[in-house]
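Any read-out appearing in this document is the output of simple, stated calculations on the displayed coordinates, not a laboratory observation. Fair warning: this is a prediction, and the values are worked out from it, not measured in the lab. Every residue, glycine as well, gets a Cβ built from its backbone with ideal geometry; the counts of neighbours run over all protein chains shown.
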Amino acid sequence: MSTDRTGPKHAGPRRGPWSFLSGGTGTVALLLVVVFAVIATQNPSFFEGPPLMSFARMAAPLVLLAVGQYFVIVSGEFDLSVGSLVGAQVVVAARLIDGDEAMTLPVMGLMVAFGLVVGLFNGLVTTVLKVPSIITTLGTMLILFGAVRYWTGGAPTGALSESFRLPGRGGIEGVPYLGQLPYALIIAAVAAAAAVWLMRSPYGRCLMAVGDNDVAAAFSGVRVWRVRTAAFVLSGLMASVAAVLIGGFSGVTAQVGEGLEFTAITAVVLGGVLLGGGRGTVVAAVLGALSLEALFTLFTQLYLPATIQPTVQGLIIIAAVAYASRRGDLRLPERLRRRTGPPTERPLGTSRR
Amino acid sequence: MHVPRVLLAGAAGLALVLSACTTDAPDGSADGNGADLTPEEEWFDQEEFDRQLAQRDIEPEGPEDEPWLQAIEPEWVDTSEWESDAPEDATVCFSNASVSNPWRVTGFITMEQQVEELQEAGEIGDFQVSDAADDDNQQISDIQAFVDSGDCDTIIISPSTTATMTPAVETACESGVPVIVFDRGVNTDCAVTFIHPIGGYANGADSAEFLVDNLEPGSRVLALRILPGVDSLEHRWAAAQTIFDDSELDIIGYEFTEGDGAQIKDLVSQHLQRGAVDGVWMDAGDGAVAGLEAFEDAGQDYPVVSGEDELSFMRKWQEEDLTAIAPVYSNFQWRTPVLAASMILRGEEVPQEWVLPQEPVTEDERDELLEVNSGMPSLHYARFGGQDLPGFPEAWEDR
């Protein structure tokens with residue numbers, strides 16, 4: 001009858017050949033492998049260097065946005081402003097640069113500064129003014145969207161310089177097998193590695209603690225508002241870098257950045273990062289971004305009718321997250337769950353004895 | 001209950017692979033989905049298709065160098081009942097669907113400039129504008145507000161959608177003031193005049209015919225579309241399907257892009273990975289340059305391409321000397337409604353259905369149009385038709 005007697009093999013965390021996949025990373029890694037496998041059946045040449053590199057170049061901005069979103073989500077908040085921020089940055093950059101090479105670096109600097117300021121604004125409004133982040137960043141999203149519309153009159157003007165476009169479009173030529181190693185891939189890899197390092201640092205542990213239980217974190221001496229604000233600033237920074245890559249990849253269009261915030265949140269959730277904070281890894285968020293991008297690629301490879309794609313995407317995401325929670329990726333760790341176990345185990349039996 | 005995870009994963013994988021197999025081979029085409037070339041009935045009207053294709057070759061009536069005043073086969077209607085003794089005091093009201101894309105922005109600037117010219121000439125008075133930001137309900141109440149205020153001597157409407165806006169337009173008509181509808185239509189002919197260029201079928205046919213004429217039989221063509229379900233865009237695709245169906249071209253598929261450069265570039269790159277693409281058909285020019293860059297980055301020759309008279313595309317066309325055509329959805333139509341309003345206030349006849357010419361930009365005209373628009377931003381439309389207005393060119397350059 002009692003659940004803790006079912007056998008010693010369920011008592012502790014599983015240790016087996018698959019143990020590295022625990023903690024939310026497993027499902028999304030599996031999904032990525034499955035999607036890649038199906039792509040390979042459709043297009044065997046996908047895994048030759050150049051197509052894979054072009055996939056990486058396309059996925060890099062989403063990886064950056066997912067990493068930025070990860071910081072915010074794991075601290076228990078949302079950042080809905082990143083799509084608008086990317087759009088605003090690209091449009092503003094095009095207008096300021098207007099084809100002038102000399103303006104490239106100053107404008108890139110300005111973009112980073114702007115991203116940091118927007119992040120700081122989001123963070124402070126959320127933490128100091130106590131506005132729920134979903135409202136704060138929804139507001140920022142609308143403010144930026146409207147401001148850009150107003151400033152450009154609905155039609156972006158100007159042009160990006162060739163050197164501005166280099167990070168998103170260019171790469172290191174002549175790499176054996178791969179052909180060209182995209183700068184975007186290098187930038188995304190560096191950002192992801194830095195994020196992993198950051199999450200292992202004291203700051204990262206505070207961030208996780210704040211997302212798990214901000215009251216407890218505050219009692220143990222964490223300055224919650226500072227930690228959360230920094231997460232928003234990081235998200236703004238990542239969005240700025242993503243904007244450089246996206247602008248570089250495809251230039252300026254009126255639609256640039258639209259809907260990216262939800263793609264980024266989807267990527268993070270797909271990675272098994274718990275909405276509400278406190279659980280999930282950077283690596284899982286990155287894998288989530290790659291899986292989502294791979295899904296988009298797969299849809300194209302399958303010539304899936306474009307109209308049905310969002311439906312299939314939605315089904316796969318729900319299935320993946322449901323599967324992850326079934327197998328326990330999203331449940332509390334064993335040591336935390338066991339604590340509530342004993343009192344509820346034999347309440348009736350003991351009173352009758 | 002404990003389902004082994006391997007089973008679940010296996011089932012998921014199997015589902016993906018199976019769905020792959022089922023979508024892989026529809027009607028026996030070995031390569032891709034070989035896009036279906038029978039237009040959907042909902043979006044295809046053979047009679048209208050034939051009419052629009054014929055209209056392209058009809059010489060329009062009207063002043064030769066002012067296409068915005070030309071009309072194809074007009075049926076003139078009398079407007080003397082609305083003749084005004086003091087047109088300089090007459091209020092013209094305009095209910096705009098939105099200025100949510102560069103095409104509408106360009107057009108609206110042209111309209112404002114035209115209004116200024118007419119106001120200075122004393123041909124119209126006050127010009128009131130409401131913008132519904134693509135919201136049907138907003139536009140219905142905008143029109144109602146115009147009617148209720150009683151200030152309007154003419155109401156111009158650019159409907160956001162067809163069916164929903166029909167009753168609102170009827171309300172405006174019933175108020176007794178002359179109503180002018182332009183761009184998208186409504187299901188009523190109560191308006192004094194309905195102004196529009198030839199239409200989507202002609203637009204899609206122009207580009208499809210160009211590809212058929214400039215590509216070898218058997219060439220592979222990719223179609224890039226912005227959105228499903230928008231009538232003007234669906235008509236373009238339906239016309240292209242009809243023309244491609246009669247050709248020897250191999251249409252490898254179509255994709256929806258939302259006009260987003262990043263998506264277009266990604267989609268085109270993926271198609272290029274799996275085989276040559278010789279031609280690209282687009283239902284509108286948004287993001288055409290990003291699509292062409294995918295060819296550059298893949299180290300492949302440029303395709304034969306149809307874009308739009310958007311300057312970013314036309315400049316690329318000139319720079320790279322592409323084999324291209326720019327079909328047009330005449331932007332200068334934004335001038336016509338205010339001109340029509342001034343004609344009605346003078347009691348002059350106007351065409352009941354005012355069909356404006358819609359001539360694609362070909363290589364012969366390209367350089368000249370780029371010269372005229374040399375200072376304009378890249379998302380400006382070459383056939384905006386405002387060169388002779390007083391604000392040219394600053395009004396369009398500084399937007």
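Using the Cα atoms of segment A:99-164 to build a convex hull, what is its mean projected area in square nanometres?
The number I arrive at for segment A:99-164 is 5.2 nm².
Helix B:231-245 versus the longest principal axis of chain B: what is the Cα-based angle in degrees, 0 to 90, to the nearest 10?
Helix B:231-245 sits roughly 50 degrees off the main axis of chain B.
Given the options A:Ala147, B:Gly386, A:Thr41, identify the residue whose Cα lies farthest towards the positive end of the charge dipole of the protein assembly as shown (+1 on Cβ of Lys, Arg; -1 on Cβ of Asp, Glu).
Sorting the options by dipole projection puts first A:Thr41.
In whole angstrom, and with the biggest value first, how far do the Cα coordinates of chain B range along each principal axis?
Taking max minus min along each principal axis of the Cα atoms, chain B gives 81, 61, 41 Å.
Sort A:Ile134, B:Ile157, B:Ile226 so the one with the fewest other Cβ atoms within 10 Å of its own Cβ comes first.
A:Ile134, B:Ile226, B:Ile157
How large is the convex hull of the Cα atoms of segment A:273-331 per residue, expressed in Å³ as a whole number?
Measuring per residue, one finds 83 Å³ for the Cα hull of segment A:273-331.
Could you tell me the largest-minus-smallest coordinate of the C-alpha atoms of segment B:49-195 on each of the three principal axes, in descending order and whole angstroms?
Answer, in whole Å and largest first: 44, 35, 32 Å.
Using only the alpha-carbon atoms, how far is helix B:288-297 inclined from the longest principal axis of chain B? Give it as 0 to 90 degrees, nearest 10.
With both axes taken from Cα atoms, the answer is about 30 degrees.
Suppose the Debye formula is applied to equal point scatterers at every Cα of segment A:188-270; what is log10 I(q)/I(0) at q = 0.11, 0.17, 0.18 Å⁻¹?
Values, matching the q order: -0.40, -0.83, -0.90.
Measure nothing but the geometry: give the 0 to 90° angle between the long axis through the Cα atoms of A:202-212 and the longest principal axis through the Cα atoms of chain A, rounded to 10°.
The two axes meet at around 60 degrees.
Summarise the partner chain shielding of A:245-251 as one whole number: the mean count of Cβ atoms from other chains within 10 Å of each residue's Cβ.
5
Restricting things to alpha carbons, tell me how big segment A:216-335 is in terms of Rg and Dmax, in Å.
Final numbers for Rg and Dmax: 17.3, 55 Å.
Calculate how large, on average over all directions, the projected area of the Cα convex hull of segment A:85-134 is; give the answer in nm² to one decimal.
Hull-based average projected area comes out at 3.7 nm².
Scan around A:Gly171 for amide H atoms under 5 Å from its own, H built in the peptide plane at 1.01 Å from N, and keep only partners 5 or more places away or cross-chain.
Sorted by chain and number, the residues that satisfy this are A:Tyr183.
Compute and list, largest first, the equivalent-ellipsoid semi-axes of segment B:92-156 from the alpha carbon gyration tensor, each √(5λ) rounded to a whole angstrom.
With the √(5λ) rule applied to segment B:92-156, the semi-axes are 20, 18, 5 Å.
Shape call for segment A:129-181 from the C-alpha gyration tensor, a ≥ b ≥ c root eigenvalues: rounded (a/c under 1.5), prolate (a/b greater than b/c) or oblate?
Here segment A:129-181 falls in the oblate category.
Report the Rg/Rh value for the protein assembly as shown, based on alpha-carbon coordinates and the Kirkwood definition of Rh.
Using only Cα positions, Rg/Rh for the protein assembly as shown is 1.03.
Hey, in the GNM for chain A with a 10 angstrom Cα cutoff, which one of A:Gly26, A:Gly146, A:Gly247 fluctuates hardest?
A:Gly146
Separation of segment B:64-139 and segment A:72-110 by C-alpha centroid, Å?
37 Å
Rounded if a/c is under 1.5, else prolate if a/b is larger than b/c, else oblate: which is segment B:227-275, with a ≥ b ≥ c the root eigenvalues of its Cα gyration tensor?
Cα axes put segment B:227-275 in the oblate bin.
For segment B:243-364, how big is Rg over Rh, using alpha carbon atoms and the Kirkwood form of Rh? Each step should come with its number before you reach the end.
Details: Rg = 18.6 Å, Rh = 16.6 Å.
In segment B:243-364, Rg relative to Rh is 1.12.
Under 12 Å from the Cβ of B:Gly261, count the other residues' Cβ atoms, weight Lys and Arg +1, Asp and Glu -1, and hand me the total.
Counting the neighbours of B:Gly261, the net charge comes to -3.
Output the Cα-based Rg and Dmax of segment B:132-230 in Å, rounding Rg to one decimal and Dmax to a whole number.
My reading of the Cα-based Rg and Dmax gives 18.7, 62 Å.
Where does chain A land on Rg/Rh, using Cα atoms and the Kirkwood Rh? Spell out each step's value before the answer.
Numbers: Rg = 22.4 Å, Rh = 21.8 Å.
Dividing the radius of gyration by the Kirkwood radius yields 1.03.
Which percent, to the nearest 5, of DSSP beta bridges fully inside the protein assembly as shown are antiparallel?
20 percent
Sticking to Cα atoms, compute the Rg of segment A:181-221 to one decimal and its Dmax as the biggest Cα-Cα distance, whole number, in Å.
14.6, 48
Tell me, A:Lys130, B:Lys316, B:Lys265 in order of fewest to most beta-carbon neighbours within 10 Å?
In order of increasing Cβ crowding within 10 Å: A:Lys130, B:Lys316, B:Lys265.
Report the charge-dipole magnitude of chain B in Debye, nearest 20, computed about the Cα centre from +1 at each Lys and Arg Cβ and -1 at each Asp and Glu Cβ.
Numbers: 17 positive and 84 negative charges, 390 e Å.
Magnitude of the dipole: close to 1880 debye.
I need A:Val117, A:Val148, B:Val129 ordered by Cβ neighbour count within 10 Å, fewest first.
A:Val117, B:Val129, A:Val148
Which of the chymotrypsin sites (Phe, Trp or Tyr not before Pro) found in segment A:108-181 are in a DSSP loop and have at most 13 neighbouring Cβ atoms, other than their own, within 10 Å?
A:Tyr177
In debye, nearest 20: dipole of segment A:25-162 around its Cα centre with unit charges on the Cβ of K, R (+) and D, E (-)?
Using Cβ point charges on Lys, Arg, Asp and Glu, segment A:25-162 gives about 360 debye.
From the residues A:Gly158, B:Ile156, A:Val283, which one has its Cα farthest along the dipole of the protein assembly as shown in the positive direction, the dipole being from +1 and -1 charges on Cβ of Lys/Arg and Asp/Glu about the Cα centre?
A:Val283
Which order do peptides B:53-64, B:167-178 fall in by mean Cβ count within 10 Å, highest first?
Top of the packing list down: B:167-178, B:53-64.
Select from B:Ser100, B:Ser219, B:Ala71 the residue farthest towards the positive end of the dipole of chain B; place +1 on Cβ of Lys and Arg, -1 on Cβ of Asp and Glu, and compute about the Cα centre.
The listed residue farthest towards the positive side: B:Ser219.
Dipole size in debye (nearest 20) for segment B:154-239 around its Cα centre, Lys and Arg Cβ +1, Asp and Glu Cβ -1? Working shown, then result.
On the way: 4 positive and 10 negative charges, 46 e Å.
Roughly 220 debye for segment B:154-239.
Apply the Karplus parameterisation 6.51 cos²θ - 1.76 cosθ + 1.60, with θ equal to phi minus 60°, to every residue of segment B:152-158 and state each ³J(HN,Hα) to the nearest whole Hz, in sequence, with x for glycine and proline.
My calculation for segment B:152-158 gives 7, 9, 8, 10, 9, 10, 10 Hz in order.
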